[in-house]
Amino acid sequence: MHKGLAIYPGSFDPTTNGHLDLIERGAKIFEELVVAILRNSEKSPMFSVAERLEMLRELTAHLKNVRIDTFDGLMVEYAKSLEATCILRGIRAISDYEYELQMALMNRKLEPTLETVFMMPADKYSYVSSRLVREVARAGGPVKGLVPEVVEEKLREKLDPAYKLRGIRRLDFAEPIGGSELDRRERKRKKKA
Ligand code: PNS
């Protein structure tokens with residue numbers, strides 16, 4: 001086990017099974033791991049920082065050397081404030097490499113003592129990203145197996161606010177939320193008939 005503290009920074013909007021897989025791997029090799037959610041992202045997030053924090057805390061409660069935190073501004077400054085020695089990032093495919101390399105080298109330029117460590121999540125998650133999960137869920141597609149159940153539930157609540165009130169389960173997002181124009185016309189026709 002590597003002595004010292006590592007930071008796993010990211011947006012986690014929302015946490016996927018790939019993120020969780022990486023956190024569990026990281027927790028095995030670092031003495032202490034801080035999962036750090038970026039607060040001032042330019043992107044307009046689906047989940048608030050408080051929601052992401054709560055979900056991650058629940059998902060990592062079983063990992064005693066993992067803490068969840070949020071940060072603002074430069075990641076290396078935040079890392080220095082915690083006296084971290086490593087930054088952990090996941091690489092799923094070659095396509096991630098270019099961006100991650102650029103970021104790692106920029107971070108090294110900003111703070112040469114901080115090392116970036118790359119780890120690979122399980123190959124079954126190699127195509128899973130928060131962006132695609134959001135896209136699939138928004139269009140009413142199934143996200144089972146791609147995100148933890150807690151996140152699946154939160155996505156349902158977020159995208160179908162009446163779900164919590166009704167207390168019934170949508171069919172694993174099997175039915176498109178909006179439906180197509182043809183579906184709508186068909187429903188209207190049946191109603192009239
Ligand atoms: O999950 P993401 O969106 O890929 O995470 C990107 C993140 C948060 C790690 C990166 O954008 C970041 O560290 N931002 C903080 C600002 C910063 O330090 N920028 C310089 C990075 S080279």
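The values are calculated or read from the model by the stated rules, or taken from the named source; none is laboratory data. The structure displayed is predicted, hence computed values, not measured ones. So basically every Cβ, Gly included, is an ideal-geometry build from the backbone, and we count neighbours across all protein chains shown. SASA here: full protein model, heavy atoms, side chains in, ligands and nucleic acids out. Shrake-Rupley method; radii C 1.70, N 1.55, O 1.52, S 1.80 Å.
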Qualifying residue in region 61-77 (condition: within 11 Å of the ligand (Cβ to nearest atom) and over 25 Å from ARG131 (Cβ atoms)): yes
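Looking at the structure I just gave you, is LEU5 over 16 Å from the mean Cα position of the chain (by Cα) and surrounded by fewer than 18 Cβ atoms within 10 Å (Cβ to Cβ)? Show your work before the answer.
Values: over 16 Å from the mean Cα position of the chain (by Cα): yes; surrounded by fewer than 18 Cβ atoms within 10 Å (Cβ to Cβ): no.
Judged against the criteria, LEU5 is not a match.
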Within region 88-99, the residues that are within 13 Å of the ligand (Cβ to nearest atom) and either of a type in the set (Val, Ile, Thr) or surrounded by 16 or more Cβ atoms within 10 Å (Cβ to Cβ) (or both) are LEU88, ARG89, GLY90, ILE91, ARG92, ASP96
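Checking the conditions here, which among LEU20, LEU59, LEU33, LEU53 is free of Cβ contacts under 8 Å to residues at least 40 places away in the same chain and not hydroxyl-bearing (Ser, Thr, Tyr)?
Matching residue, one of LEU20, LEU59, LEU33, LEU53: LEU53.
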Restricting to region 67-87, count the residues that are open to solvent by 20 Å² or more (accessible area, probe 1.4 Å) and in contact (Cβ under 8 Å) with a residue 40 or more places away in the chain. 5
Only helices (runs of 4 or more DSSP H) wholly contained in region 1-110 count here; list those with 1 or more residues that are aliphatic (A, V, I, L, M), in contact with an Asp or Glu (Cβ under 9 Å, 6 or more places away or on another chain) and closer than 30 Å to GLU153 by Cα. 49-59
Being more than 13 Å from the ligand (Cβ to nearest atom) and surrounded by fewer than 12 Cβ atoms within 10 Å (Cβ to Cβ) is the filter; apply it to region 100-126 and report the residue that is farthest from PRO9 (Cα to Cα). ASP123
Can ARG187 be described as assigned to a loop (DSSP other than H, G, I, E, B) and either modelled with pLDDT of 95 or more or among the charged types (D, E, K, R) (or both)? no
With the requirement that a residue be over 13 Å from the mean Cα position of the chain (by Cα) and open to solvent by 50 Å² or more (accessible area, probe 1.4 Å), what does region 30-66 give you? GLU31, GLU32, ARG39, ASN40, GLU42, LYS43, SER44, ALA50, GLU58, ALA61, HIS62, LYS64
Which one is nearest to the ligand (Cβ to nearest atom) among residues in region 1-47 that are touching a Gly at 6+ places or on another chain (Cβ under 8 Å) and of a type in the set (Asp, Glu)? GLU32
Looking only at region 111-160, which residues are acidic (Asp, Glu) and in a helix (DSSP H, G or I)? ASP123, GLU135, GLU149, GLU152, GLU153, GLU157
